[in-house]
Amino acid sequence: MNSVRQLPLSRLGHLVPPLVDDAAMVALVTLANDPPWAAKAAWDIARIAARDGRRVALVDLCLENPALHEMVGLHATEGIVDAFEYGVSLNKAAHEVTGVFIIPAGSETAHPAEVYAHARWPKLQAGFRSEGALLLALLPLTGLAQLSAAPDGALVLAPEGVGPEFALPRDVPLLGVVRDRWLPSSPRVSPPSMTVPVTDRPRRGLRIALAALVVAALAVGGWALLAPARESGFLVPPPLPAPASAPAPAHSSPLPAPTHATIPKADTLGWTIQLAAYASLEKALAHADRLAADAGVPALVTPVPQSGSGPVWYRVLAGSYATRAAAGTARAALWHRGMAGEGVGDLLLAPYSYHAPAGASLDSLRRRGLPAVRWSTGVILLGAFEGPEQAAYTQAALRRAGVRANLLPRMGIP
């Protein structure tokens, strides 16, 4: 067991690609008692694998505690259970999210073992192999034991690692153990929520490439594998940016109603680096405070509610820059200084932030459940948004707390 490769989340960008390059199907075996943590780790692995243009699909087979659909911002929707048990086309069950096709768990099932043992898995694996694509299956240990296909390898998702006595329930190569950090005693706690860089726009040619994959799948397995276009039920989580060098002047008028967003000025410091997302506001604020104290980089925290009654995720966004290129340079500096794992951080354009009123207390705002941070100029800012419509959740929280704040673009020149 000592020879098993340890894969801390902060280093996945370097460690994962060579492990999955020659594989058509890899099992992501979760040993975590935290489904969102496992879903986030699987999502990071999928985006890393797809980073250089490879076609990648990630299917959620954690049928008793599915969390992947909420992690990527999907509504409750049909998924793999509906495809296998009710004949729903995978064209309808698959959703493209930043270059990766997500197949959620879908409907509840009373017979998870039958889903794992379904005869379609070997056919699906053969279709992906014929096209050089990759299928990632997020599933529990029992699911791996019952899976009808033999994966080309397995990555174990275990926040604290595994003991020397650990063994997979079948003869599948163990590629490595994905964990929070190198050792449980490590003081660095941010990697578990680090995100992986993805392209800002869907890659050109993705539709054509996926259409070719469908043709190959039809020839090998007799059924469509993936849809070549986004599903209408897909909800993209609003991108969340980071702090800016200087807020807009206090006397500026607030932005108009959500449906009439003002175009930010040319000198708006709207670009930011999304480094992490937490289910806890306290953890997100702690990460932002560490960035400001240890790296001298002010950071904003943006609440992002999921669809329906789903959880709220709090995204941590570092810095605020006038151009995408400047944000990219700042991200590289964070990598070089060890403040973020190399390959971690999405560049986002979100120029608006709430500007707290003069005299407001940071501690008081935080006690009311507001994502307040002290900016580099001394003022207090809350969140970072593409436009007013993305600030509705924070606006409602401000109203409940009885706090009047203006939504303004972060400006480099007051």
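The values are calculated or read from the model by the stated rules, or taken from the named source; none is laboratory data. Given the structure is predicted, the values throughout are model-derived calculations rather than measurements. Here Cβ is always computed from backbone atoms with ideal geometry, including for glycine, and neighbour counts include all displayed protein chains. Each accessible area value is taken on the protein alone, full model and side chains, heavy atoms only, with ligands, DNA and RNA left out. Shrake-Rupley method; radii C 1.70, N 1.55, O 1.52, S 1.80 Å.
Amide H contacts under 5 Å for Leu58: Phe101, Ile102, Ile103, Leu136, restricted to partners 5 or more places along the chain or on a different chain, H placed in the peptide plane at 1.01 Å from N. Taking a ≥ b ≥ c as the square roots of the eigenvalues of the Cα gyration tensor, segment 1-58 is oblate, since a/c reaches 1.5 or more and a/b is not larger than b/c. Compared with the alpha-carbon gap, the fully stretched path from Ala110 to Leu15 is longer by 30.5 nm at 0.36 nm per residue. Note on Ser89: accessible area is roughly 50 Å² with a 1.4 Å probe, heavy atoms of protein only. Rounded to the nearest Hz, the phi-derived 3J(HN,Hα) couplings of segment 362-379 under the Karplus curve 6.51 cos²θ - 1.76 cosθ + 1.60 (θ = phi - 60°) are 4, 4, 5, 5, 5, 5, 8, x, 9, x, 7, 9, 7, 7, 4, 8, x, 6, where x marks glycine and proline. Taking square-rooted eigenvalues a ≥ b ≥ c of the alpha carbon gyration tensor, is segment 93-174 rounded, prolate or oblate, where a/c under 1.5 means rounded and, failing that, a/b exceeding b/c means prolate? The shape class here is rounded. For Ala277, nonlocal amide neighbours, meaning residues 5 or more places apart or on other chains whose placed amide H falls under 5 Å from its own, are Val316. Sorting Met71, Met411 by solvent-accessible area of protein heavy atoms yields Met71, Met411, largest first, with a 1.4 Å probe. Phi angles of segment 119-124 translate, via the Karplus equation with coefficients 6.51, -1.76, 1.60 and θ = phi - 60°, into HN-Hα couplings of 5, 6, 4, x, 5, 5 Hz per residue; Gly and Pro are given as x.
Summarising the amide proton neighbourhood of Gly345: residues at separation of 5 or more, or on other chains, whose placed amide H is nearer than 5 Å comprise Thr195, Val196. Descending by average beta-carbon neighbour count within 10 Å, the peptides 57-66, 117-126, 8-17 line up as 57-66, 8-17, 117-126, the highest first. Label-to-label distance for Asn91 and Leu362 is 5.5 nm, based on points extended 7 Å past Cα in the beta-carbon direction. Ligands, DNA and RNA are left out, and with a 1.4 angstrom probe the accessible area of segment 89-171 is 38 Å² per residue. Label segment 1-152 by shape, choosing from rounded, prolate and oblate, from the square roots a ≥ b ≥ c of the eigenvalues of the Cα gyration tensor; if a/c is under 1.5 it is rounded, and otherwise prolate applies when a/b is larger than b/c, oblate when it is not. Taking the square roots of the gyration eigenvalues as a ≥ b ≥ c, segment 1-152 is rounded.
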